[in-house]
Structures are given as structure tokens and as C-alpha cells.
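Undergrad: Sending over a structure as C-alpha cells; questions will come in a sec.
The values are calculated or read from the model by the stated rules, or taken from the named source; none is laboratory data. Not measured: the values here are computed from a predicted model. Reconstructed Cβ throughout: ideal geometry from the backbone, glycine too, with neighbour counts over all protein chains shown. Note: accessible area is taken over every heavy atom of the protein model, side chains too, but ligands, DNA and RNA are not part of it. Shrake-Rupley method; radii C 1.70, N 1.55, O 1.52, S 1.80 Å.
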Amino acid sequence: MTATLGAVEVGTTPLVREHFPAARRWAYLNHAGICPLPQPSVDAMHRRATEVSLDGEFTYAAHSAEIERVRSSAARLMGVPSTDIAFVKNTTTGLGMIANGLAWSPGDRVVVPDLEFPSTLYPWLALADRGVVVDRVQPEGPGGKLTVEAFIDRIQAGPPPKLVVTSWVQFGRGWRVGLAELGRVCQEVGALLCADVIQGLGVIPAELAGWGVDFAMADGHKWLLGPEGSGALYVRGSRLELLRPLEPGWNSVAHREEWDNLALVFDDTARRLEGGMPNVTGIAALGASIDLLHEAGVPAIWSHVDRLCDRACAGLTSIGATVLSDRSPEGRSGIIAVHIDGPPIPLLARQLQAEGIAVSARAGGLRVSPHGYNNEQDIDRLVDTVAMLTRTGNR
Ligand SMILES: Cc1ncc(COP(=O)(O)O)c(C=O)c1O
């Protein structure tokens, strides 16, 4: 007996499945965790490492040009100008650059959701010694839905905040915040808006500049399908002067590579935040991954992933699971979380892993996060295996 939704369709996927070696072995449904690297990105890393092994410094000019190309394509993904992008080590570093780069006065308020990922919360809590007050927005209901009204309540609960911070998509259950609406609210009260976009960028179309976001950041290792430790930070051009560059270095100044010119004149783009040598190999791989996203088109990836998430919700519900995620049109994302009776969820996730199905246990649920190369068979394999592992005899 099969617990799936009818016959398996042999559908096409917007991202070429053959680019993903992991898909040969896994039903890999954990892009909210760490993505598997596509082969073109592995090849880009290998190429860059080989070139440096042969020619060292003399590869630099070509690689600088590649960095600028990747800057532009990352900017296009975010919907922002490329001059507003700095490469950073990861999402946490980007958040820290905002937290520690802004000038704070005692009593300044930061509004941030409760149930955030630690890195999205800690940088503001760590400002307590400067008198910064952190006000947490409570998600609504047991599913943890976060509405813009809930932000407005918190924003209006005191003097206008200096900064509103939120994940675009929450890491555990995948609620998505309406950044365009929140951006309008922030503009009205004169607050800056910082969005941690790592759980949405690459799978959901983004227009961060148009939405009024001032700061945003994402590492490569989730939905961007890139390597770890290779991320991008967006700082709206008009906000650059608000940020103190925390690590000024040769790469921060307008006249970089004039080694005898020691005038501290910051570059007028976000590159001033980079300081020293970027992770060129990581950026080359990130660039190859972003190329795949652009080739497929993020809108096409998003509608495919959305369909897979619907299929997973329907299939898992049909075998007794409860969907914990907000699946409303405006709240949905590439992450779904479900609860199902049977083995404790962390054990169930490990049992699925042993069966070749990559998912994770987060926020009390089994978290499923497919990407644009996953197909219906991956989802049906998940549903069938969960059904097998949660049958009464197995509890
Ligand atoms: C919402 C969110 N922010 C930040 C991070 C951590 O990102 P990084 O390791 O790039 O700092 C994660 C990782 O799971 C996350 O889900």
C-alpha cells in the first residue's frame, strides 16, 4: 500500500537535477540546514584552487573581475544595486556588522521577533551594556505565525525604535514576514529595517531595495546552494555612512592597491566593509551556484518548491501528521514543519536519514525544505518512509 498521492509523475525540475550529486543518493530535503553543493560550484572551486596552485598572485586580476561579477549577480538576486553589496564570512558576521557598526545611545530600542534563530537575536542582546533595549515581538497562536500587526503593536509600545530586525523566513517553522509591508511601517516611524534573508534568498523572489529594507544578509550554504563561509551583506547606499567599518583595511579605501597612500578615505560603496582579502575561492563557487539560480529563474524555482511543499503537506497529513507551518499565501515559504505521532521527532529525523532522506528536527517539528532540483518522487519517498516508521508497531 502506498501512502502517497497517486502515481509518481516524472516531472521536470527548474534546476537541473544532474548538477546535484547528492540527489543520486538522497531525497535531500534539508536546504534550510546545509545544502549539498552542485557540481558546477565544486568545479569552480577546483578551478580557482588549481589556478592559484599554478600561478599564485598572478591569478589575482582575473579573480578580482570574477568577484565583481558575482557581486552583481548576488545583487540581482536581492533586487539591490551591486554597489550596496559587501562579501562577508556568513550571516552572523553581517548581523554583527550592523549591530556593532551603528551608533547607539542608551534607551535606543530594537524590535525583534521572539523564536528567532540565535544569531538573529544575540547581536542585539549583546548591546545591553550600551543601554540598548530589545523588545521581542510575540508570534501569534501555537503555530508561531508572525504578522505585521504584531510588529506594529511592539513598535507602538514605546518610543519609535531605532531598528527593526527580523528573519525574512523563520528557520524552524518557516513563517515568512511581509517585508514590503514592514518596510512601509518602518519608514513611517523612522526606524531602520534589517532582514536576515538566509532562509529565503535563492528560493523566493526578492526586491529588498523596493521593499524598503536597509540591511540584509545571507550566507551561501542554504538556499543559495553555495559553500559555507561565503555570504553577502546588503547595506542601502544611503545608510552606508551610518555604519562604522569594523575592520578597515586595504580593501576598504577608495584608492586600494596604492600601497604607499595611507590616507583613510573609505570607498563610497559597501566594499569599504570588506577590509581584507575576500574568500575568493568561496565567492567563485557561490557565483557558480547563483548562476544556476538565475538560469532556472527564481520565480520558477519558487512555484516548483511551493508545489512540492503542498504535496508534502497533503501526503503527510494523509498519514496523520499535523502541519505546524503557516501555509497562507502570504506566510508560506520553502520550509514546512509537521508533527506526527510515533518516534520522538529527533529520532524520526535520524531514522529518515538512515533511509536516505535528509530532513531535520526543529522547533518541535519535522522540518522539510525542498529546492528546485527536488522532484515529486523525493516527496513521495519521504511520505512513504514516514508512514512506515510511524506505524503503530514501530512506536
Ligand atoms: C535565520 C537564520 N539566520 C542565521 C543563521 C546562521 O547563519 P550563518 O551560519 O551564516 O551565520 C541561520 C542558520 O540556520 C538561520 O536559519
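Undergrad: What accessible area, in Å² to the nearest ten, does a 1.4 Å probe give for GLU207?
TA: 100
Undergrad: What does the accessible area of ILE85 come to, in Å² to the nearest 10, when a probe of 1.4 Å is used?
TA: About 0 Å², ignoring ligands and nucleic acids.
Undergrad: In addition: Starting from the Kirkwood Rh over alpha-carbon pairs, what translational D in µm² s⁻¹ does the stretch 18-89 have by Stokes-Einstein at 25 °C and 0.890 mPa s?
TA: Working: Rh = 14.7 Å.
Estimated via Stokes-Einstein, D reaches 167 µm²/s.
Undergrad: With a/c under 1.5 counting as rounded, go ahead and sort the stretch 136-284 into rounded, prolate or oblate using the C-alpha gyration tensor (a ≥ b ≥ c being the square roots of the eigenvalues; past the cut-off, prolate if a/b is larger than b/c, else oblate). Let's see the in-between values first.
TA: Numbers: a/c = 2.97, a/b = 1.60, b/c = 1.86.
Oblate, since a/c reaches 1.5 and b/c is not below a/b.
Undergrad: Which semi-axis lengths, in whole Å and largest first, follow from the square roots of five times the eigenvalues of the Cα gyration tensor of the chain?
TA: On the way: eigenvalues 266, 158, 51 Å².
Semi-axes from the Cα gyration tensor: 36, 28, 16 Å.
Undergrad: Listed highest first by mean packing, meaning other Cβ atoms within 10 Å per residue, what order do 369-375, 319-325, 123-129 come in? Display every interim value, and only then the final one.
TA: Details: 369-375: 27.1, 319-325: 19.7, 123-129: 15.6.
Per-residue Cβ counts within 10 Å, averaged per peptide and sorted highest first, yield 369-375, 319-325, 123-129.
Undergrad: What value in Å³ per residue do you get for the convex hull of the alpha-carbon atoms in the stretch 160-245? Don't skip to the answer; put the middle values down first.
TA: Numbers: hull volume 9.0 nm³, N = 86.
In the stretch 160-245, the Cα hull volume divided by residue count equals 105 Å³.
Undergrad: Take the alpha-carbon centre of the stretch 284-332, take the same for the stretch 120-182, and report the distance between them in whole Å.
TA: Centre-to-centre (Cα) distance: 24 Å.
Undergrad: Given points 7 Å out from each Cα along the Cα-Cβ axis, report the THR83 to ASP310 separation in nanometres with one decimal.
TA: Calculated label separation equals 4.2 nm.
Undergrad: Same structure again: Report the gain in length on full extension from ARG25 to LEU242: 0.36 nm times residue separation, minus Cα-Cα distance, nm rounded to one decimal. If you can, show how the numbers build up before the last one.
TA: Numbers: separation 217, 0.36 × 217 = 78.12 nm, distance 4.80 nm.
Taking ARG25 through LEU242 to full extension adds about 73.3 nm, to one decimal.
Undergrad: Using only the Cα atoms of the stretch 214-261, build the gyration tensor, take square roots of its eigenvalues as a ≥ b ≥ c, and label the shape rounded, prolate or oblate: rounded if a/c is under 1.5, else prolate if a/b is larger than b/c, else oblate. Don't skip to the end; give the middle numbers.
TA: Numbers: a/c = 3.20, a/b = 1.53, b/c = 2.09.
Verdict is oblate for the stretch 214-261.
Undergrad: Now, a different point. Could you tell me what fraction of 2.2 N^0.38 Å the Cα radius of gyration of the stretch 114-222 comes to, as a two-decimal ratio? Numbers along the way, then the final one.
TA: Numbers: Rg = 13.3 Å, N = 109, 2.2 N^0.38 = 13.1 Å.
Normalised Rg, Cα atoms only: 1.02.
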